[in-house]
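What follows is one structure encoded as structure tokens, with my remarks underneath.
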Amino acid sequence: MAHNRNITQKFESHVRWCEQCNVPLTGKTCDLCGNKGKAIKISGPGDVKIALSHDKKKIAEAIAKIYGEHSAKIIKKKIIILNRRPDIDKTEEIIIDGEMFGLISFDLQRYIFIPTAKGASMLKDVSRENKLTAKETTGHLKGKYISKDAIENLDKTLKKGNYVTIILKNNKVALGQIKEKSYEQYIKILDVTDNITFSTKDQSIKKILNANKRYMAAIEKRAKETIKKYSTGLTRNNVAFSGGKDSLVVLDLTLETIKDVDVFFIDTGLEFSETIEHVKKVSKSRKIKINVIKNNKDFFKLAEKFGPPAKDYRWCCKSLKYQPLVEFIDAKYGDKGCTTFEGRRKLESFSRSTSKESEKNPFITKQISVYPILNWKSIDVWLYIIKKELEYNKLYDAGLERIGCFLCPAQLECEFNTLKQIKPNEYNAWSNFLIEWARRNGLEKRYISLGFWRWKHHPNKILNLSQKLNIQMIPKNREHKYSVQITQGKPACHDKIISIESMLKGQFDIEYAENYLNVLGTTRYSKNLGIVSVKTKIGNAKIFAGGQIISKAKTKNDAIKIAEDVVRTIIRFEKCTLCELCKSKCKTKQIEIKDKVIIKKDCTHCNLCSESCVVYQDAKKIIKESKEI
């Protein structure tokens, strides 16, 4: 799959590096030498991390494909900082020796390395492939083409698209790419830099810890102050331990700050076996009881009813996590409730970026959530773990970043690729389910293999890719008998609006739905996405062509009412007998009947027409037969 990335895009954040000591800084000043670090521009939000062994391995392998095996050896010896930037899947900026070295990117099939000019210059002395020497060159070269004649001893094995390091005569180095537009326009110069090399100064994790000693002590102190602040005794204190790195740090901070604290872990039934074992090890090594809250519902049976969960359709969290947690809190804490310390961080995602230090969950009304490390970066978390010698979940070393349910749609496609390698049984079980679901809904295997199932409302970058690859994106609802399943809750990491997810099985015309759902409120149809949006007086809803419905309102009852009204209205119009009773009830004459009922644009949404409809009233039976999951 071809990639065309502009590595010189406008950056939105920065990370600092001490050039004297050759170490990354989490603060502004190096505690080893006292110097202020050099600011390196990076893409926002700037959740930088230290590359683990698996990260280094994939970078080395991707570099070796361009510059040869010999060039990759030095990578494994270096301290590497990675920074995630927005893309179709996982793309990270690579910082080595205080320089923006390049990108490592997963293109939905494999990892590829995209060098910067500085990275190409650093690699020139250790690489044996894709390295060229230019003859005399003059003038400004960046963005220009050079011919085959401008290269000494041209390597004829180079292929179109290859990145090449070009050594210039003026002690400069250029990054080029083989274009083959013509004999004269053979290589395009992407960027030019001074001749730089890898630093020979020693590096170690211990050195990084010492260089950032004061900063780490300061953020640790603030985190403990947050824990003390909310440990008032008015409610019982506990820690939500997921088995991941962030909650591990919060657990350690909390146990060091307050004595009387409970710990719980939610086992959804979809956890990795390594995570279950890790929780047991932590319980044993810390000599603490970890309450294991077990879900008793079968995910795959629920998925048959709701379809696969998605980033924007996470019914699974509400059914498998929130509901068991509510029952646990009610049983253990009663009316007094609890204060829960969690490992949420702002830089993890856009949805979490607006989180406050403490929040009250409208779904779990007896719980106050507190986030002691809300403003920490990933590198802060890892440095704390290393400093305190905390035993972390080894799934991180295998290449996973999200240590939760193995099939979580919030994961990246690269993580599912890793899952395929390290957990083939779990991967195959989920993949087979998805492929069969796609077949029933008129979608091809590529919809699954490229990870498109992870959204209901697909972002533009995915829609553009689907158009390029000619992949059908709108599922076809093929059920004839109508039925509905409803789940409930608050969307994880979002605002205080209550979200209800429903699944309507039964055939309906999504384009026609834009017209008739106007009886509930103003509608808008997205043809590319196969989604109708409805805005009512009490909230709003999105209806997907596959039958999924997401309704939102300020209260649970209003959100459920919107979902039920949508379901009954769809059934009303799709099973309409053309009796024309609704037309006679419409005071504003906004109903027209031909071969089907048409709602005119000036409908006042009074709903008198629905109340007079026998089919609409009969649809109440389907609602009553539905179950809240």
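Here are a few things to note about the model shown:
- Note on the stretch 1-34: among residues that are open to solvent by less than 30 Å² (accessible area, probe 1.4 Å) and over 19 Å from D202 (Cβ atoms), the one that is modelled with the lowest pLDDT is G27.
- The lone criterion from (1) open to solvent by 10 Å² or more (accessible area, probe 1.4 Å); (2) in contact (Cβ under 8 Å) with a residue 40 or more places away in the chain left unmet by G233 is number (2).
- Pick from the stretch 58-83, criterion more than 23 Å from the chain's Cα centre (by Cα) and of a type in the set (K, R), ranking: surrounded by the most Cβ atoms within 10 Å (Cβ to Cβ): K78
- Looking across the stretch 504-535, the residues that are farther than 25 Å from P309 by Cβ and in a loop (DSSP other than H, G, I, E, B) come down to D509, L520, G521.
- Complete set of residues in the stretch 599-629 that are over 22 Å from A563 (Cα atoms) and not acidic (D, E): K600, K601
- Selection within the stretch 35-57 - closer than 22 Å to I104 by Cα and open to solvent by 50 Å² or more (accessible area, probe 1.4 Å): A39, K41, P45, S53, K57
- Scanning the stretch 397-407 for residues that are surrounded by fewer than 19 Cβ atoms within 10 Å (Cβ to Cβ) and of a type outside the set (D, E, K, R) returns a single hit, A398.
- Note on the stretch 327-358: residues that are of a type outside the set (F, W, Y), open to solvent by 30 Å² or more (accessible area, probe 1.4 Å) and not in a loop (DSSP other than H, G, I, E, B) amount to 10.
- Test: K118 is at pLDDT 90 or above, of a type in the set (D, E, K, R), over 30 Å from L465 (Cα atoms) and in contact with a strand residue (DSSP E or B) (Cβ under 8 Å, 6 or more places away or on another chain): yes
- Qualifying residue in the stretch 567-577 (condition: of a type in the set (A, V, I, L, M, F, W, C), in a loop (DSSP other than H, G, I, E, B), without any contact (Cβ under 8 Å) to a residue 24 or more places away in the chain and on the phi < 0 side of the Ramachandran plot): no
- The residues in the stretch 411-433 that are hydrophobic (A, V, I, L, M, F, W, C), over 21 Å from G307 (Cα atoms) and open to solvent by 10 Å² or more (accessible area, probe 1.4 Å) can be counted, and the count is 1.
- Search result, residues across the stretch 359-401 that are within 28 Å of I560 (Cβ to Cβ) and part of a loop (DSSP other than H, G, I, E, B): N361, P362, F363, I364, T365, K366
- Whichever residue in the stretch 527-538 is out of contact with any His (no Cβ under 8 Å at 6 or more places or on another chain) and at negative phi and, among such residues, is surrounded by the fewest Cβ atoms within 10 Å (Cβ to Cβ): K527
- Failed criterion for L465 (all others in (1) without any contact (Cβ under 8 Å) to a residue 60 or more places away in the chain; (2) surrounded by fewer than 20 Cβ atoms within 10 Å (Cβ to Cβ); (3) outside any strand (DSSP E or B) hold): (1)
- Neighbours by Cβ (under 7 Å, 6+ apart or cross-chain): first from the stretch 369-389, polar (S, T, N, Q); second open to solvent by less than 10 Å² (accessible area, probe 1.4 Å) and assigned to a loop (DSSP other than H, G, I, E, B): S378/V48
- Checking the stated criteria, L450 turns out to be over 23 Å from K301 (Cα atoms) and surrounded by 20 or more Cβ atoms within 10 Å (Cβ to Cβ).
- In the stretch 394-414, the condition of being more than 20 Å from the chain's Cα centre (by Cα) and either touching a residue at least 60 places away in the same chain (Cβ under 8 Å) or farther than 19 Å from A240 by Cα (or both) is met by at least one residue.
- Residue list for the stretch 288-322, filter: open to solvent by 20 Å² or more (accessible area, probe 1.4 Å), in contact (Cβ under 8 Å) with a residue 40 or more places away in the chain and touching a Gly at 6+ places or on another chain (Cβ under 7 Å): Y322
- Among the residues making up the stretch 84-102, those that are open to solvent by less than 10 Å² (accessible area, probe 1.4 Å) and among the charged types (D, E, K, R) are D89, K90, E92, E93.
- Selection within the stretch 32-63 - closer than 14 Å to G119 by Cβ and in contact with a helix residue (DSSP H, G or I) (Cβ under 7 Å, 6 or more places away or on another chain): I59, A60, I63
- Looking across the stretch 539-557 at every residue that is of a type in the set (V, I, T) and buried (at least 21 other Cβ atoms within 10 Å of the Cβ), the one that is nearest to the chain's Cα centre (by Cα) is identified as I550.
- Residue satisfying all of: in the stretch 171-198; more than 34 Å from the chain's Cα centre (by Cα) and of a type in the set (S, T, N, Q); surrounded by the most Cβ atoms within 10 Å (Cβ to Cβ) among these: T193
- Single condition K259 does not satisfy, out of (1) modelled with pLDDT under 90; (2) part of a helix (DSSP H, G or I): (2)
The values are calculated or read from the model by the stated rules, or taken from the named source; none is laboratory data. As the structure is a prediction and not an experimental result, all values here were calculated from the model. Virtual Cβ from ideal backbone geometry, glycine too; neighbours counted across all protein chains shown. What goes into the accessible areas is simple: the full protein's heavy atoms, side chains included, and nothing from ligands, DNA or RNA. Shrake-Rupley method; radii C 1.70, N 1.55, O 1.52, S 1.80 Å.
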